[in-house]
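The values are calculated or read from the model by the stated rules, or taken from the named source; none is laboratory data. Everything quoted here is computed from the prediction, not taken from an experiment. Neighbour counts are summed over all protein chains in view; Cβ atoms, including those assigned to glycine, are modelled from backbone coordinates with ideal geometry.
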Amino acid sequence: MKIDGILDEEGWASARVLELNYEISPRENVVPPVRTEILITYSQTHLYFGFRCYDPEPAKIRAHYGERDRFSGDDWVAVEIDTYNDTRRAITLITTAAGVQIDGLSDAAGIKDYNWDMIYNTAARIQDWGYGVEVAIPFSSLRFQRTKGAQVWGLNAVRGYPREMNHQIWAQPYDRGNNCRVCQYMKIEGFEGASPGRNIEIDPTLTASRTDERAAFPEGGRSLRDQEAEAGLTARWGLTPNLVLSGTVNPDFSQVEADAAQLDINQPFALFYPERRPFFTEGLDFFRMPLNILYTRTMRDPRWGIKLTGKEGKNAVGAYALQDDITNLIFPGSQYSQSFTLRRPNTAGVLRYSRDLGKDSNLGVFASDREGGDYFNRVYGVDGHVRFGPKDEIVFQVLRSSTRYDASTAQGFGQPQGTFGDAALAAVFTHKTRYHQVDLEADDIGKDFRADLGYLPQVGFRRIAGQSMYTWIAKEKKWWSRFVLVNAAQYGLEYGGTLLVKSLDNTLAYTGIFQTTLTLGHSLSRQRYNGMEFDLSRFSLTAGVIPSGAFALTIGSSFGDGLDYINTRRGGKTSLGTQLIYNLGTHWSI
């Protein structure tokens, strides 16, 4: 196969051909406005997908080059593949009409994480009948079950067709009342003899940095404060089709991003940053849990690490060990958190095991340990995801921690002396129908619970919350395609019974012609901070329009009350953000 988007190779003549016959958005399961074919075939080493996206007006196809994993409003196609056929997870591979790749992992409900990347090849070509797309996936990049005969996989094929409305077209009908998106994929059978081969991937890196600093500001000259250069290596070896061993030496954030800027002004809790280092994103789906007790960005400067992830039958496992040159700590509280870095190494280990129960439920156990010198933090517990048919599900997790800080750290940050511990509980119930979804959540996080390998900056509270979302969908082509009304409320108490927060949020969102969006929201809350209670009211307004492939405009604003956490007082807070994108041809944009 020559991957060029033309689909004229001999191999496509014998490929299986399916049509995408259902528009699932903005209207439900109706005949789509355009015709789309997906072609499926494979060789001994690769899985191939081809798309023929017919278009009555090829000049209106939206195709622009852009960054990987960034949606740009262009035409696109996607394949979603459940290689284990267990309806728990899937990989999502999106290709735009310019051949740009957007890849990620999705859970059973279809919630996607685009921080994960896979090695594969794509190409797209606009022609006089529309555009074609070719996707070549090495079997070495996939995980799948070991079988002597044919593989059975779940597959979803999707086309995005953005014109006056943003149409999404599927190969099979979509039931909005089913809370499991992956369960609705079609089944494909075949791939006899498919093998990942040796499946060895080696990624060497070299990173360098230099920091200069002004001795006096602003007139003083700059002087060297720090400079360093470091080589690193990440490797991946597929022991079997479904079991992967990974290793790393000196992984660095600069491998994948120069900077991840966030505004930390007037923020009571530690900021959250996404993880993109390949060693940590490998097998990320095996470590997903209701509470964020595994946050790999806390491991800032690892010397080395080794990881094993995979699934055999109904059993999934993820485990790794590593040594970090520094120890990042978040000291959580009920109203704010503090951060600190110990200039000492630590060794950390994580084990996550889950077993499928029935058709689409699972039960898991988790354990983690990090220690260095007089310090240690250990967390262990159980979690589960239980589906009661297609409309109802519950997700829960119960944990226990044991922690000890060295005497100076404990005294300096007001932490308990000696060994201490506590428990954490979280549960979410979801009921979903075609138009209506209800979520009920309960959290109980003990004040001495610590998850130092995770991101849990708030502890010492009990909270209940609920959300109702109702969706109106246009049955015919109109000036509007969808209205969504969301009502949410929460009530939280500190340990001891003191009010922490109670709030009511209401949002109405509109989607319509020319891909116009409009969202109106209001939040009314009573919050307690630093011994004082505040009544706060805020409004928000966001509007956007994408009238053509060349132009997009978004305006967002919010105004009302806000807390000044530094001085413990109520103030006025206003924000305004705008984004205007203008594409000049395929390559240039402003």
*asked:* Tell me the residue from Ala108, Ala171 that is under 17 Å from the mean Cα position of the chain (by Cα) and aliphatic (A, V, I, L, M), please.
replied: Ala108
*Restricting the search to the stretch 250-266, which residues are crowded, with 16+ Cβ neighbours inside 10 Å and modelled with pLDDT of 85 or more?*
Asn250
*When the stretch 513-536 is examined, which residues are found to be under 30 Å from Arg27 (Cβ atoms) and among the aliphatic types (A, V, I, L, M)?*
Ile513, Leu518, Leu520
*Could you list, in sequence order, all residues of the stretch 103-139 that are surrounded by 21 or more Cβ atoms within 10 Å (Cβ to Cβ), among the β-branched types (Val, Ile, Thr) and in contact with a Ser or Thr (Cβ under 9 Å, 6 or more places away or on another chain)?*
Thr122, Val133, Val135
*asked:* Restricting to the stretch 476-492, name every residue that is surrounded by fewer than 16 Cβ atoms within 10 Å (Cβ to Cβ) and in contact (Cβ under 8 Å) with a residue 40 or more places away in the chain.
replied: Glu476, Lys477
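Identify, from the list Ser540, Ser525, Ser557, the residue that is among the polar types (S, T, N, Q), surrounded by 14 or more Cβ atoms within 10 Å (Cβ to Cβ), at pLDDT 95 or above and more than 28 Å from the chain's Cα centre (by Cα).
Numbers: Ser540 fails: more than 28 Å from the chain's Cα centre (by Cα); Ser557 fails: more than 28 Å from the chain's Cα centre (by Cα).
Ser525 is the lone residue from the list that is among the polar types (S, T, N, Q), surrounded by 14 or more Cβ atoms within 10 Å (Cβ to Cβ), at pLDDT 95 or above and more than 28 Å from the chain's Cα centre (by Cα).
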*Phe461 fails exactly one of the following numbered conditions: (1) closer than 23 Å to Ala109 by Cβ; (2) modelled with pLDDT of 95 or more. What is the number of that condition?*
(1)
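With the structure loaded, tell me whether Ile555 is assigned to a strand (DSSP E or B) and over 27 Å from Ser575 (Cβ atoms) or whether it fails that test.
Working: assigned to a strand (DSSP E or B): yes; over 27 Å from Ser575 (Cβ atoms): no.
Criteria not met by Ile555.
Does Ile330 qualify as being in a strand (DSSP E or B), β-branched (Val, Ile, Thr), closer than 25 Å to Val428 by Cβ and at pLDDT 85 or above?
Values: in a strand (DSSP E or B): yes; β-branched (Val, Ile, Thr): yes; closer than 25 Å to Val428 by Cβ: yes; at pLDDT 85 or above: yes.
Criteria met by Ile330.
Every residue, every condition in (1) out of contact with any Gly (no Cβ under 7 Å at 6 or more places or on another chain); (2) of a type in the set (A, V, I, L, M); (3) more than 13 Å from Glu80 (Cα to Cα), yes or no:
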{"position": "Ser106", "(1), (2), (3)": "yes, no, no"}
{"position": "Ile111", "(1), (2), (3)": "yes, yes, no"}
{"position": "Trp116", "(1), (2), (3)": "no, no, yes"}
{"position": "Tyr120", "(1), (2), (3)": "yes, no, yes"}
{"position": "Ala124", "(1), (2), (3)": "no, yes, yes"}
{"position": "Asp128", "(1), (2), (3)": "yes, no, yes"}
{"position": "Gly132", "(1), (2), (3)": "no, no, yes"}
{"position": "Arg146", "(1), (2), (3)": "yes, no, yes"}
*Can you tell me which residues in the stretch 10-37 are over 20 Å from Lys475 (Cα atoms) and in a loop (DSSP other than H, G, I, E, B)?*
Ala15, Arg35
*(1) without any contact (Cβ under 8 Å) to a residue 24 or more places away in the chain; (2) within 14 Å of Leu518 (Cα to Cα): which one isn't true of Val545, the others all being true?*
(1)
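I'm trying to understand the selection: among the residues of the stretch 513-535, which are touching a residue at least 40 places away in the same chain (Cβ under 8 Å) and not in a loop (DSSP other than H, G, I, E, B)? Walk me through how you get there before you give the answer.
Filtering the stretch 513-535 down to residues touching a residue at least 40 places away in the same chain (Cβ under 8 Å) leaves 513-515, 528-530.
Across the stretch 513-535, the qualifying residues are Ile513, Phe514, Gln515, Arg528, Tyr529.
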*If you go through the stretch 356-380, how many residues are surrounded by 15 or more Cβ atoms within 10 Å (Cβ to Cβ) and in contact (Cβ under 8 Å) with a residue 40 or more places away in the chain?*
11
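Residues are listed down the side, and each one gets a yes or a no for (1) of a type in the set (Asp, Glu); (2) modelled with pLDDT of 95 or more; (3) closer than 19 Å to Met289 by Cβ; (4) assigned by TED's automatic domain parsing to the domain that holds Glu312:
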{"position": "Leu357", "(1), (2), (3), (4)": "no, no, yes, yes"}
{"position": "Asp360", "(1), (2), (3), (4)": "yes, no, yes, yes"}
{"position": "Phe366", "(1), (2), (3), (4)": "no, yes, yes, yes"}
{"position": "Gly372", "(1), (2), (3), (4)": "no, no, no, yes"}
{"position": "Asn377", "(1), (2), (3), (4)": "no, yes, yes, yes"}
{"position": "Pro390", "(1), (2), (3), (4)": "no, no, no, yes"}
{"position": "Gln397", "(1), (2), (3), (4)": "no, yes, yes, yes"}
{"position": "Asp406", "(1), (2), (3), (4)": "yes, no, no, yes"}
{"position": "Phe413", "(1), (2), (3), (4)": "no, no, no, yes"}
*asked:* Which pairs turn up if I take residues in the stretch 57-73 that are polar (S, T, N, Q) and look for partners that are part of a loop (DSSP other than H, G, I, E, B) with beta carbon separation below 7 Å, at least 6 apart in sequence or on another chain?
replied: Ser72/His64; Ser72/Gly66
*Of the criteria (1) touching a residue at least 60 places away in the same chain (Cβ under 8 Å); (2) among the aromatic types (Phe, Trp, Tyr); (3) in the same structural domain as Phe287 (by TED's automatic domain parsing), which one Tyr495 fails*: (3)
_Tell me whether the stretch 362-371 contains one or more residues that are closer than 30 Å to Pro241 by Cβ and outside any strand (DSSP E or B)._
no
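Conditions (1) outside the structural domain of Trp116 (by TED's automatic domain parsing); (2) modelled with pLDDT of 95 or more; (3) buried (at least 19 other Cβ atoms within 10 Å of the Cβ), marked per residue:
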{"residue": "Lys60", "(1), (2), (3)": "no, no, no"}
{"residue": "His64", "(1), (2), (3)": "no, no, yes"}
{"residue": "Arg70", "(1), (2), (3)": "no, no, no"}
{"residue": "Gly73", "(1), (2), (3)": "no, no, yes"}
{"residue": "Trp76", "(1), (2), (3)": "no, yes, yes"}
{"residue": "Ile91", "(1), (2), (3)": "no, no, yes"}
{"residue": "Thr95", "(1), (2), (3)": "no, yes, yes"}
*Can you name the number of the only condition in (1) closer than 30 Å to Pro241 by Cβ; (2) touching a Gly at 6+ places or on another chain (Cβ under 9 Å); (3) buried (at least 19 other Cβ atoms within 10 Å of the Cβ) that Gln44 fails?*
(3)
_Members of the stretch 279-297 that are surrounded by fewer than 20 Cβ atoms within 10 Å (Cβ to Cβ) and over 14 Å from the mean Cα position of the chain (by Cα)_ = Arg297
_Just the residues that are modelled with pLDDT under 95 and surrounded by fewer than 17 Cβ atoms within 10 Å (Cβ to Cβ), please, taken from the stretch 309-322._
Glu312, Gly313, Lys314, Asn315
